[in-house]
Amino acid sequence: MTDVQTVSATHPAPGVLSRIFRTEQDGVPGDGHEQVVLCHDRASGLKAIIAIHSTALGPALGGTRFFQYATEEEALEDALRLSRGMSYKNALAGLDLGGGKAVIIGDPNKDKNEAMLRAYGRFVQSLRGRYITACDVGTYVQDMDVIARETEFVTGRSPENGGAGDSSILTAFGVFQGMRASAQARWGQPTLRGKRVGVAGVGKVGHYLVGHLVADGAVVVVTDVFEAAVNRVRAAHPDVEVVADTAALLQAKLDVYAPCALGGALDDDTVAALGEAGTTIVCGAANNQLAHPGVEKDLADRGILYAPDYLVNSGGVIQVADEIEGFNFERAKNKATKIFDTTLEIFTRAASDGVPPAVAADRLAEKRMREISALRTILLPSARRS
Ligand SMILES: NC(=O)c1ccc[n+]([C@@H]2O[C@H](COP(=O)([O-])OP(=O)(O)OC[C@H]3O[C@@H](n4cnc5c(N)ncnc54)[C@H](O)[C@@H]3O)[C@@H](O)[C@H]2O)c1
């Protein structure tokens, strides 16, 4: 027995759905969500939500998060928030892809099984390419291989199955490009040579980032709650300084702070500590770094240059997007290199508009969604582009 319920923007319903389909603001296409699909397969126990925020630029690409949410309401909120974020990330990365995200409700270590993943793959397939899935928290390349047995609309598969593999390699490379651009804007040179850079979280992305920084001649300070992660960095880069925790890192007289662990890393206390320590650049891999609206202004008011998270960490999505065309590492790396130029462009726009870089990034993403989706008013004779 399988249930699927699709709610679409063309027929908004009252109540909970009014939150999903917010009215458009300033003509920004897809400011509310286009479609939210509730998937339930009783036999395998699958409960999933696929949220398509916008297909203004193309099929909605975004990963599948497998997480033990406390309530279904919480899962819905997460799917809505994350899918919106993907629209902005994909737009600024210059991809012909919209924004979507899915959540599977459950404990990935206990509940995940082949039937459930394949059931999920069939729901993805039922959307006929409006949504393309990939890895996220709780899902891995091996899971994408299983999902791919039921749908062609999946990326982030293993290299032996034609996939791009570990996306953290290009994520770290992209963050490094964003940091070089930040250095260019702040000190006039696109290098971290001689600067003190603190990396909070040296997991998949953070440890690759440390490698780029060391090669560039930076003085690197790291912290991580997981001892094995710290030991791996120490073994590869013996000169890296290690501090006990993030509080100690913030006081380590950093020039650059790179949050590479969890979301919400930039709260009021952290920004105050960065200001007191004289840190003038924040550029890291973590998603959703700004803990609440207003932090971006506080950073700017304190003279701290913030490289927007979803811009500088887009190397991973650039990688999985490239896989859709048949993965070519050099082509994907070239695209990720452009994060340098886009970061500089955002800083320039922020200065000329008198707004923080986070606002300038949102505006540029919205501009691209608006302008490119408007091209659809030029009718094509074939079905090449609808
Ligand atoms: N992997 C990617 O391709 C990718 C792409 C875009 C964004 N991101 C974001 O980058 C961040 C890191 O991703 P990842 O793939 O490296 O994850 P990961 O789980 O491999 O690494 C995160 C590291 O942070 C550490 N950590 C957790 N809490 C900490 C704390 N309070 N203080 C210090 N360290 C702490 C963990 O022990 C772990 O080693 C996440 O926010 C993720 O959403 C990752």
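The values are calculated or read from the model by the stated rules, or taken from the named source; none is laboratory data. Everything quoted here is computed from the prediction, not taken from an experiment. Reconstructed Cβ throughout: ideal geometry from the backbone, glycine too, with neighbour counts over all protein chains shown.
Data overview
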| quantity | calculated |
| --- | --- |
| In region 62-98, the residues that are aromatic (Phe, Trp, Tyr) and touching a Lys or Arg at 6+ places or on another chain (Cβ under 9 Å) | 66 |
| Selected residue (only one of 144, 116 is within 15 Å of the ligand (Cβ to nearest atom), of a type in the set (A, V, I, L, M), modelled with pLDDT of 95 or more and touching a strand residue (DSSP E or B) at 6+ places or on another chain (Cβ under 9 Å)) | 144 |
| Region 174-209, subset within 13 Å of the ligand (Cβ to nearest atom) and surrounded by fewer than 24 Cβ atoms within 10 Å (Cβ to Cβ), residue farthest from residue 253 (Cα to Cα) | 204 |
| Candidate set: region 78-113, residues that are part of a loop (DSSP other than H, G, I, E, B) and within 30 Å of residue 375 (Cα to Cα); chosen: the one farthest from the ligand (Cβ to nearest atom) | 96 |
| Complete set of residues in region 210-226 that are near the ligand (Cβ under 9 Å from one of its atoms) and either surrounded by fewer than 17 Cβ atoms within 10 Å (Cβ to Cβ) or more than 20 Å from residue 287 (Cα to Cα) (or both) | 225, 226 |
| Residue in region 263-279 that is surrounded by 16 or more Cβ atoms within 10 Å (Cβ to Cβ), in the same structural domain as residue 174 (by TED's automatic domain parsing) and touching an Asp or Glu at 6+ places or on another chain (Cβ under 8 Å) present | yes |
| Elements of type strands (runs of 3 or more DSSP E) contained in region 176-285, each with 2 or more residues being among the small types (Gly, Ala, Ser) and either touching a Ser or Thr at 6+ places or on another chain (Cβ under 6 Å) or touching a residue at least 24 places away in the same chain (Cβ under 8 Å) (or both) | 196-200 |
| Residue in region 298-309 that is within 11 Å of the ligand (Cβ to nearest atom) and surrounded by fewer than 20 Cβ atoms within 10 Å (Cβ to Cβ) present | no |
| Leading residue by the ranking (nearest to the ligand (Cβ to nearest atom)) among those in region 231-242 that are among the hydrophobic types (A, V, I, L, M, F, W, C) and surrounded by fewer than 18 Cβ atoms within 10 Å (Cβ to Cβ) | 242 |
